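Notes follow the structure.
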Amino acid sequence: AQTVTQSQPEMSVQEAETVTLSCTYDTSESNYYLFWYKQPPSRQMILVIRQEAYKQQNATENRFSVNFQKAAKSFSLKISDSQLGDTAMYFCAFNNNDMRFGAGTRLTVKP
Amino acid sequence: DSGVTQTPKHLITATGQRVTLRCSPRSGDLSVYWYQQSLDQGLQFLIQYYNGEERAKGNILERFSAQQFPDLHSELNLSSLELGDSALYFCASSVGRGLDTQYFGPGTRLTVL
């Protein structure tokens, strides 16, 4: 069964600094999607970034980028120039026709 | 705004009661997924419908049921409610059967007293 592991329950970063959230997954499949979702205090689940496994190029969305290491089954999220509004729970997710979520990392951006 | 709508936003009810949560997917999406998130917990997948038919089932209790209607909106029915059913219930939608991106609605916060 596919599993998703986020080994950092909580992290903090100073405003304007860079932070990296870790995620590893376990699968024997070769075709899948990976996601990072953000859940701010409002509890809305917001898609941050998506990576298709067949793409070698790492996805980027403005200040958010990923480091996708397919052989190592690692999918980390880098947030550059952190802003107070980035304070949220971040969930890593794996989808191979069966979406699995990690337990989440609570990120606090400090002024 | 993801384009997925859920009603109601909040629901307060008593133990033993029955409630219905409603979800309208994004325009063009055929799949609807239901998730449960208890306080400070991760997301538990409940059930998926694709174009009106049940496609996948997760950790859904027998007291819970769902359906997807011809206009593709979906309803999640929760009956014989218990205190432990208090949670945030999310609906998500996607274009295809599964290997694609899920977009989440704002959720319905259920409180069972």
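The values are calculated or read from the model by the stated rules, or taken from the named source; none is laboratory data. What you are looking at is a predicted structure, and each value in this text was computed from that prediction instead of being measured. So basically every Cβ, Gly included, is an ideal-geometry build from the backbone, and we count neighbours across all protein chains shown.
Restricting A:SER30, A:SER12 to residues that are of a type outside the set (Phe, Trp, Tyr), touching a residue at least 12 places away in the same chain (Cβ under 8 Å) and either in contact with a helix residue (DSSP H, G or I) (Cβ under 9 Å, 6 or more places away or on another chain) or farther than 17 Å from A:THR108 by Cβ (or both) narrows the list to A:SER30. If you check B:LEU43, B:LEU21 for being modelled with pLDDT under 95, touching a Phe, Trp or Tyr at 6+ places or on another chain (Cβ under 6 Å) and under 22 Å from A:GLN44 (Cα atoms), only one passes: B:LEU43. Just to be sure I understand the filter: pairs with C-beta atoms under 7 Å, separated by 6 or more residues or on different chains, first member in region A:89-111 and free of Cβ contacts under 8 Å to residues at least 24 places away in the same chain, second member of a type outside the set (Phe, Trp, Tyr) and in a strand (DSSP E or B). Which pairs pass? Qualifying pairs under 7 Å: A:MET99/A:ALA93. Only one of the numbered conditions (1) within 14 Å of chain B (Cβ to nearest Cβ); (2) surrounded by fewer than 15 Cβ atoms within 10 Å (Cβ to Cβ) is violated by A:ARG100, and that is (2).
Which residue, of A:ILE49, A:ILE79, is among the β-branched types (Val, Ile, Thr), crowded, with 19+ Cβ neighbours inside 10 Å and touching a helix residue (DSSP H, G or I) at 6+ places or on another chain (Cβ under 7 Å)? Show your work before the answer.
Numbers: A:ILE49 fails: touching a helix residue (DSSP H, G or I) at 6+ places or on another chain (Cβ under 7 Å).
Just a single option satisfies the conditions, and that option is A:ILE79.
Of everything listed in (1) more than 12 Å from the chain's Cα centre (by Cα); (2) at pLDDT 95 or above; (3) within 14 Å of another protein chain (Cβ to nearest Cβ), the single unmet condition for A:SER42 is (2).
Within region B:8-28, the set of residues being surrounded by fewer than 21 Cβ atoms within 10 Å (Cβ to Cβ) and closer than 16 Å to B:GLN68 by Cβ comprises B:THR20, B:ARG22, B:SER24, B:ARG26, B:SER27, B:GLY28.
The residues of region B:20-34 that are of a type in the set (Ser, Thr, Tyr) and under 9 Å from B:SER93 (Cα atoms), listed by number, are B:SER24, B:SER31, B:TYR33. When A:THR24 is tested against (1) away from chain B (no Cβ under 14 Å); (2) surrounded by fewer than 20 Cβ atoms within 10 Å (Cβ to Cβ); (3) closer than 29 Å to B:GLN6 by Cβ; (4) touching a residue at least 24 places away in the same chain (Cβ under 8 Å), just one condition goes unmet, and that condition is (3). Would region A:58-72 turn up any residue that is within 14 Å of chain B (Cβ to nearest Cβ) and assigned to a loop (DSSP other than H, G, I, E, B)? The answer is yes; a qualifying residue exists.
Does A:GLN44 fit the bill of being assigned to a loop (DSSP other than H, G, I, E, B) and under 26 Å from B:CYS91 (Cβ atoms)? Judged against the criteria, A:GLN44 is a match.
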